[in-house]
Amino acid sequence: MRKLLYLIIFLMVWTPIVEAVRVDFLAPSFTLLDTRGAPISLSDFRGKHIVLEWFNPDCRIVQRHYQDKTMHWLASNYISQEVIWLAINSTYYMTQEDNIRWKDTKGLHYHLLGDFTGEVAKLYQAKRTPQMYVIDPRGILIYKGAIDDNSSENKQWILNYVQSALDESLADMPISHPKTEPYGCLVKYNEELKIKN
């Protein structure tokens, strides 16, 4: 009996925690409101590639990418291939008005969703802005991590991980970089919803 107890304790201590969202598994479903107040569900777009982008208008790194039109260019470039872009704001002190302002200021044509309670961000274990996820037409998560490999802002040749994952998936090729480490500002969660970094 004592050996069994020790075995259970050992397994509890040494068994790795299972990720809530994992590459090569179904992406968790959710429904959030967009800037028009319309409910948008992940399941609405089954059969298409979906890019999820966590953003915060106050984040310097997000501002840099929007100034460089990184997200705008990607979303526009792949819309003809029926790729859906969903940008999610989980900043606890913001509202849909902030999303509307960001969308209008930047001239964005894709959905901006409000997750101001942070519950969907927690479900996806989003820690940074920007943080990116790519879901294939079967609903399988095929990429999660950084937008690109330019965290230092001084690289001459930049590998855009989202572009790479989309190109490879659209060509029925294996994803060469399915998981990377995101960089940027911490997601601003409500205190009770903060997740460990």
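The values are calculated or read from the model by the stated rules, or taken from the named source; none is laboratory data. Since this is a predicted model, take the numbers as computed values, not measurements. Every residue, glycine among them, receives a Cβ derived from its backbone with ideal geometry; neighbour counts consider all protein chains shown.
List of remarks:
- Some residue of the stretch 130-150 being assigned to a loop (DSSP other than H, G, I, E, B), among the small types (Gly, Ala, Ser) and out of contact with any Lys or Arg (no Cβ under 9 Å at 6 or more places or on another chain): no
- Residue match in the stretch 58-72 (condition: crowded, with 20+ Cβ neighbours inside 10 Å and farther than 24 Å from Pro178 by Cβ): yes
- Of all residues in the stretch 18-42 being over 12 Å from Ile84 (Cβ atoms) and among the hydroxyl-bearing types (Ser, Thr, Tyr), the one that is surrounded by the most Cβ atoms within 10 Å (Cβ to Cβ): Thr35
- In the stretch 147-162, residue surrounded by the most Cβ atoms within 10 Å (Cβ to Cβ) [restricted to those that are within 18 Å of Cys59 (Cα to Cα) and touching a strand residue (DSSP E or B) at 6+ places or on another chain (Cβ under 7 Å)]: Ile147
- Extreme residue, farthest from the chain's Cα centre (by Cα), among residues of the stretch 56-93 that are within 19 Å of Thr31 (Cβ to Cβ) and of a type in the set (A, V, I, L, M, F, W, C): Ile84
- Lone qualifier among Gln96, Gln63 - being touching a residue at least 40 places away in the same chain (Cβ under 8 Å) and of a type in the set (S, T, N, Q): Gln96
Yes or no, residue by residue, for (1) over 27 Å from Ala171 (Cα atoms); (2) at pLDDT below 95; (3) of a type outside the set (A, V, I, L, M); (4) touching a helix residue (DSSP H, G or I) at 6+ places or on another chain (Cβ under 7 Å):
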site	(1), (2), (3), (4)
Pro39	yes, no, yes, no
Leu52	no, no, no, no
Cys59	yes, no, yes, no
Gln63	yes, no, yes, no
Gln81	no, yes, yes, yes
Met94	yes, no, no, no
Asp104	yes, no, yes, no
Tyr110	no, no, yes, yes
Phe116	yes, no, yes, no
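- Residues (among the aromatic types (Phe, Trp, Tyr) and either crowded, with 24+ Cβ neighbours inside 10 Å or in contact with a strand residue (DSSP E or B) (Cβ under 9 Å, 6 or more places away or on another chain) (or both)) located in the stretch 88-144: Trp102, Tyr110, Phe116, Tyr124, Tyr133, Tyr143
- Residue match in the stretch 163-181 (condition: assigned to a loop (DSSP other than H, G, I, E, B), touching a residue at least 40 places away in the same chain (Cβ under 8 Å) and either among the polar types (S, T, N, Q) or loosely packed, with under 13 Cβ neighbours inside 10 Å (or both)): no
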